[in-house]
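All remarks here apply to the structure that follows.
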Amino acid sequence: MNFDWEFNGLPLHVLIVHAVVIVVPLAALCTLLTAFWPAVRRRLGIVTPLVALAALALVPLAVQAGEWLQSRLVNVTPLLGTHTALGRTMLPWVIALFLVAVVQWVWYRYFVGAGGRFASAVPSRRGRLVATIILDLAVLVSAIGAVVTVALIGESGSRAVWTGLFTS
């Protein structure tokens, strides 16, 4: 299917990227807060994996729209090449972030605490502690990796667009 990645004469990549820059760090923040702040965990509930799902949906759209845009540019610079290469590294981080957000939600909802439907599946307190620590480490790695990667991609995209176009 050949899709025209523009809206009202503007490339959709520019619009989608702004959503990615907001939703990926928001998903990372929600996942981190859910891991380390029980009151926030109870309030956010399913919202955290849903925000991570939105990030997971947006990233491939941004990449496809970006590749469409790059194929239509007259002057593809090395800075743009760097941005494109970095852009392709985002999806694994967002997949990891989504997976840990879902596992985290399932873990705290069904396996931890007196109300957990499957709390008896991990009967020892030590087992739950070890599993929680491993999950928290996965949350830290995926959240930090996703935020750092989106920042690097955004910075390289800004350089690709704006280098040489203004004076300071």
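Quick note: the coordinates plus some simple rules give every number you see, no bench work behind them. Source: prediction; values computed, not measured. Heads up, the Cβs are rebuilt from the backbone with ideal geometry, glycines too, and the neighbour counts pull from every protein chain shown.
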Fill in the blank from the handout: Distance in Å, no decimals, from the C-alpha centre of segment 17-67 to the one of segment 85-124 is 13
Handout entry: Mean separation of Cα contacts under 8 Å (6+ apart) over length of segment 16-168, as relative contact order %
Key = 34
Problem - Efficiency of FRET between residue 7 and residue 141 - r from beta-carbon atoms, R0 22 angstrom, step 0.05 - result: 0.05
Fill in the blank from the handout: Options (i) 0.98; (ii) 1.10; (iii) 1.02 are given for Rg/Rh (Cα atoms, Kirkwood Rh), and the computed one is (ii)
Problem - Projected label distance in nm at residue 119 and residue 151, using a 7 Å step from Cα toward the beta-carbon - result: 3.9
Fill in the blank from the handout: Here the gain from full extension of residue 88 to residue 76, 0.36 nm per residue of separation minus their alpha-carbon distance, amounts to 2.6 nm
Problem - Distance (nanometres) between label positions extended 7 Å along Cα→Cβ at residue 165 and residue 22 - result: 2.1
Fill in the blank from the handout: the chain: longest segment with zero exposed trypsin sites (Lys or Arg not before Pro), where exposed means DSSP loop plus at most 13 other C-beta atoms within 10 Å, is residues 1-71
Problem - residue 158-residue 53 FRET efficiency (beta carbon distance; Förster radius 30 Å; 0.05 resolution) - result: 0.65
Handout entry: Dipole moment magnitude, nearest 20 debye, segment 6-162 about Cα centre, only Lys, Arg, Asp, Glu C-beta charged
Key = 760
